[in-house]
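Rule-based calculations on the coordinates, nothing more; no lab input. Values in this document were obtained by computation on a predicted structure and should not be read as measured data. Glycine also receives a Cβ, built like all others from the backbone with ideal geometry; neighbour counts cover every protein chain displayed.
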Amino acid sequence: MATLDHVDLELISALAADPRATVVALAEKLRMSRNTVQARMSRLDQAGVFQSFERSISPSALGFPLQAFISIGVDQTRLPSIVEELRRVPEILQVHGVSGQVDFIALVACRDARHLFDVDARILAIGGIERSETRLVMSESIPYRVSGLMEIARGEPRR
């Protein structure tokens, strides 16, 4: 992972505030040359600082308004093949390996309750998956964010 300096953090902060900002707009806002902004953005992108821009697309807008977290218990000896099979389920938005009584937490998006039932059945049919438990998402109380982490990284006092 790249070491971020204060200029990188300012650039990232400006992008977080306005994700659609052009390189020219960012250069003007940060009082930097367009080439400098472009070079830094390329370096940050290659270093893996920027995650998938897909995160900004609403599943609801695509016709998948129902979201759920599915806790998945697996046979640990089959992890690589399980992950590959989970990757093939298009309704799965994210999967995190976690500690505790389950092995994975998957966020899925579905059209309705029947679709969710079918997705869960496809997940359970994957060889090595032993059990699942589904929790419906009722609301998103705090959306994905990194602004607080940027404040800490820049050394700003906590609010």
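What to note about this one:
- Qualifying residue in segment 50-62 (condition: touching a helix residue (DSSP H, G or I) at 6+ places or on another chain (Cβ under 8 Å) and crowded, with 16+ Cβ neighbours inside 10 Å): no
- The numbered conditions (1) in a strand (DSSP E or B); (2) loosely packed, with under 10 Cβ neighbours inside 10 Å are all true for GLU133 except (2).
- Hey, SER42 exposed (fewer than 11 other Cβ atoms within 10 Å of the Cβ) and out of contact with any Pro (no Cβ under 9 Å at 6 or more places or on another chain) or not: yes
Per-residue answers, yes or no, for (1) free of Cβ contacts under 8 Å to residues at least 60 places away in the same chain; (2) under 27 Å from ILE152 (Cα atoms); (3) more than 20 Å from the chain's Cα centre (by Cα):
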site	(1), (2), (3)
LEU15	yes, yes, no
VAL23	yes, yes, yes
LYS29	yes, yes, yes
ALA39	yes, yes, yes
ILE57	yes, no, no
ILE70	no, no, no
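- Consider segment 109-127 and keep the residues that are under 12 Å from VAL74 (Cα atoms) and of a type outside the set (Gly, Ala, Ser). The one that is surrounded by the most Cβ atoms within 10 Å (Cβ to Cβ) is ILE123.
- Among the residues of segment 1-41, the ones that are closer than 14 Å to SER147 by Cα and β-branched (Val, Ile, Thr) come to 1 in all.
- Which listed residue is surrounded by fewer than 17 Cβ atoms within 10 Å (Cβ to Cβ) and of a type in the set (Gly, Ala, Ser), from ALA106, ALA68, ALA16, ALA27: ALA16
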